[in-house]
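The values are calculated or read from the model by the stated rules, or taken from the named source; none is laboratory data. If you're wondering where the values come from, they're calculated on a predicted model, not measured in any experiment. With ideal geometry, Cβ positions are generated from the backbone for all residues, glycine too; neighbour counts draw on all protein chains shown. Side chains included, ligands, DNA and RNA excluded: accessible areas come from the protein's heavy atoms. Shrake-Rupley method; radii C 1.70, N 1.55, O 1.52, S 1.80 Å.
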Amino acid sequence: MIVTLFYESSTRTRVSFEVAMKQLDGDVVVLTPTEMQIGRGETIADTARVLSRYVDAIMMRTVDPDRLNDLARYATIPVINGLTKNSHPCQLMADVMTFEERLGPIVGKSIAWLGDGNNMACTWIQAAARFGFELRLACPQVLSPPDAIVNWARENDATIVQTLYPEEAVSNADCIVTDTWLSMGDEGEDHRYDLLRRYRVDDRLMSLAKSEAIFMHCLPAHREEEVTALVMDGPKSAVW
């Protein structure tokens, strides 16, 4: 039995966890803060202690990483990171599996990330250290991933290339990845559109990658913003 605790809206994370548990002959309790005593002031620590006595694991999806860390600190059962503003490891594992289904082992391959240095970019950086592929990050200077995580990855033997130019990142790459220009918690930052427009993934950028290169996006996508519909629905897309 698993509890999935959603502070943020979800389509893929919710459905994938529910389906997976049921296919494993398990069951799921889906909760939101308004349905729980958390919504009336109970602490995360007390909630973690209580849930640990009822179920086998907890998955939390929340923008706030401190909330997730508190849950993990006080729970005595496994806690799964379903998303925070800093990381999205379950999505990354799905992306790596998708890449390897399409193109074989990811070790030694080149992945190009275009756009905002957000939680998915940071998780790709962590993955580069763990899985041994080259990661090329093309981001506006002011939206680059935090130096601390880039430095951590390089200290752990990751090959990280940073550039301001999307053409440089995608040249001869095995895979191009992007994400929305406004992530959870970025509402109201419309200046991002001007900064990120040059990083839109279109047929021209895809043509600079290897002929067998694929395109990936964690979804939801804003078509004609970070990616064109032609790429999203095209033969190189591994989105679906």
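Can ASP56 be described as over 23 Å from the mean Cα position of the chain (by Cα) and either of a type outside the set (Val, Ile, Thr) or surrounded by fewer than 20 Cβ atoms within 10 Å (Cβ to Cβ) (or both)? Before you say what the answer is, go through the steps one by one.
Details: over 23 Å from the mean Cα position of the chain (by Cα): yes; either of a type outside the set (Val, Ile, Thr) or surrounded by fewer than 20 Cβ atoms within 10 Å (Cβ to Cβ) (or both): yes.
Criteria met by ASP56.
Taking the range 147-157 on its own, how many of its residues are touching a helix residue (DSSP H, G or I) at 6+ places or on another chain (Cβ under 7 Å) and open to solvent by 10 Å² or more (accessible area, probe 1.4 Å)? Before you say what the answer is, go through the steps one by one.
Step one: of the range 147-157, the residues touching a helix residue (DSSP H, G or I) at 6+ places or on another chain (Cβ under 7 Å) are 149-150, 153, 156-157.
From what is left, the residues that are open to solvent by 10 Å² or more (accessible area, probe 1.4 Å) are 149, 156-157.
The total comes to 3.
What number of residues within the range 65-106 satisfy the criterion of being aromatic (Phe, Trp, Tyr) and open to solvent by 60 Å² or more (accessible area, probe 1.4 Å)?
Initially, the range 65-106 is screened for residues aromatic (Phe, Trp, Tyr), giving 74, 99.
Now drop any that are not open to solvent by 60 Å² or more (accessible area, probe 1.4 Å), which leaves 74.
The number of residues fulfilling the criteria is 1.
Considering only residues that are within 17 Å of GLU8 (Cα to Cα), touching a strand residue (DSSP E or B) at 6+ places or on another chain (Cβ under 8 Å) and either in a loop (DSSP other than H, G, I, E, B) or among the small types (Gly, Ala, Ser) (or both), which ones fall in the range 37-62?
Listed by number, the list holds a single entry, THR62.
Taking ARG204 as the residue in question, decide whether it is among the charged types (D, E, K, R) and surrounded by fewer than 17 Cβ atoms within 10 Å (Cβ to Cβ). Don't jump to the end; show me each part of the working.
Working: among the charged types (D, E, K, R): yes; surrounded by fewer than 17 Cβ atoms within 10 Å (Cβ to Cβ): yes.
Spelling it out, ARG204 is indeed among the charged types (D, E, K, R) and surrounded by fewer than 17 Cβ atoms within 10 Å (Cβ to Cβ).
Within the range 6-23, can one find any residue that is open to solvent by 50 Å² or more (accessible area, probe 1.4 Å), among the β-branched types (Val, Ile, Thr), closer than 19 Å to THR76 by Cβ and part of a loop (DSSP other than H, G, I, E, B)?
No: the range 6-23 contains no residue that is open to solvent by 50 Å² or more (accessible area, probe 1.4 Å), among the β-branched types (Val, Ile, Thr), closer than 19 Å to THR76 by Cβ and part of a loop (DSSP other than H, G, I, E, B).
Can you name every residue in the range 229-240 that is in contact with a helix residue (DSSP H, G or I) (Cβ under 7 Å, 6 or more places away or on another chain) and part of a loop (DSSP other than H, G, I, E, B)? Walk me through it before giving the result.
Going residue by residue through the range 229-240, those that are in contact with a helix residue (DSSP H, G or I) (Cβ under 7 Å, 6 or more places away or on another chain) are 230-231, 236-239.
Once the filter is applied, which keeps residues that are in contact with a helix residue (DSSP H, G or I) (Cβ under 7 Å, 6 or more places away or on another chain) and part of a loop (DSSP other than H, G, I, E, B), the range 229-240 yields LYS236, ALA238, VAL239.
Hey, any hits in the range 107-125 for a residue that's open to solvent by 70 Å² or more (accessible area, probe 1.4 Å) and without any contact (Cβ under 8 Å) to a residue 24 or more places away in the chain? Steps first, answer last, please.
The first filter runs over the range 107-125 and keeps only residues open to solvent by 70 Å² or more (accessible area, probe 1.4 Å), leaving 107.
Still in the list and also without any contact (Cβ under 8 Å) to a residue 24 or more places away in the chain: none.
No, the range 107-125 has no match at all.
For GLU212, state whether it is part of a helix (DSSP H, G or I) and among the acidic types (Asp, Glu). Lay out the reasoning, then the answer.
Working: part of a helix (DSSP H, G or I): no; among the acidic types (Asp, Glu): yes.
Considered against the rule, which asks whether it is part of a helix (DSSP H, G or I) and among the acidic types (Asp, Glu), GLU212 comes out as no.
Does the range 90-106 include one or more residues that are over 26 Å from ASP174 (Cβ atoms), among the aliphatic types (A, V, I, L, M) and either modelled with pLDDT of 95 or more or in contact with an Asp or Glu (Cβ under 7 Å, 6 or more places away or on another chain) (or both)?
No, the range 90-106 contains no residue that is over 26 Å from ASP174 (Cβ atoms), among the aliphatic types (A, V, I, L, M) and either modelled with pLDDT of 95 or more or in contact with an Asp or Glu (Cβ under 7 Å, 6 or more places away or on another chain) (or both).
Would you be able to say whether some residue in the range 217-228 is touching a residue at least 24 places away in the same chain (Cβ under 8 Å), part of a helix (DSSP H, G or I) and buried (at least 16 other Cβ atoms within 10 Å of the Cβ)?
no
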